[in-house]
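A.B. asks: Structure below; questions to follow.
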Amino acid sequence: MIEQEHVPDQKSVWGIASAIDIYDCHPETTRAPKATRRFVAELCDLIEMERLGETQVVHFGGDEKEADCSMAQRIETARISKHFANLTNAVYLDLFSCKSCPPETVKHVAQDFWAAVKTA
């Protein structure tokens with residue numbers, strides 16, 4: 001799901017929040033912290049946003065219904081976060097930035113990287 005379909009004039013907004021849901025992803029890749037860190041690095045390079053500090057990746061939850069791999073990355077202009085639901089192989093990616101960044105670009109990069117079958 002992309003809540004913002006276009007990028008408005010930078011002068012008219014403080015920042016843009018994009019919430020992208022990606023389904024039927026490749027489970028081994030989305031659960032691998034190393035792959036998640038590579039995704040963040042590649043995305044930040046593509047959208048020309050500087051990472052601040054290390055990408056935090058945490059896997060938690062013993063019950064498969066609750067198990068999740070979460071990521072958080074501070075960037076110069078705000079933040080990127082990802083939650084991967086183990087049970088459904090879905091990635092929930094959020095990006096908030098004060099710098100203009102087309103949500104469709106982020107969606108396509110994420111869909112390709114996570115080998116997703118579909119997005120919302």
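A.B. asks: Report, to the nearest 10°, how far helix 33-46 tilts away from the longest principal axis of the Cα atoms in the chain, using its own Cα long axis and a range of 0 to 90°.
C.D. replies: Computed tilt is about 20 degrees.
A.B. asks: Give me the tail of P(r) for the stretch 15-119 as a percent: Cα-Cα pairs with distance above 21 Å.
C.D. replies: 27
A.B. asks: Ranked highest first by average number of other Cβ atoms within 10 Å, how do 109-115, 53-59 line up?
C.D. replies: Working: 109-115: 18.0, 53-59: 13.7.
Ranked from most to least packed, the peptides come out as 109-115, 53-59.
A.B. asks: Using alpha carbons only, how many degrees (0 to 90, rounded to 10) separate the axis of helix 103-113 from the longest principal axis of the chain?
C.D. replies: Taking Cα atoms only, the helix is inclined about 30 degrees.
A.B. asks: Measure up Lys34/Lys99; Lys82/Lys107; Lys65/Lys99 against 24 Å on the Cα-Cα distance and list the ones that go over.
C.D. replies: Lys34/Lys99; Lys65/Lys99
A.B. asks: Run the numbers on the stretch 15-119 and let me know its relative contact order in percent, using alpha-carbon pairs under 8 Å that are six or more apart.
C.D. replies: 39
A.B. asks: Let me ask you something else. Enumerate the whole-percent occupancy of each 10 Å bin, from 0 to the last occupied one, for all C-alpha pair distances of the stretch 64-120.
C.D. replies: 20, 50, 26, 3
Computed from the coordinates by the stated procedures, all read-outs in this text should not be read as laboratory data. On a predicted model such as this, the values are computed, not experimentally measured, just so you know. No Cβ is skipped: glycine too gets one built from the backbone with ideal geometry, and neighbour counts run over all protein chains shown.
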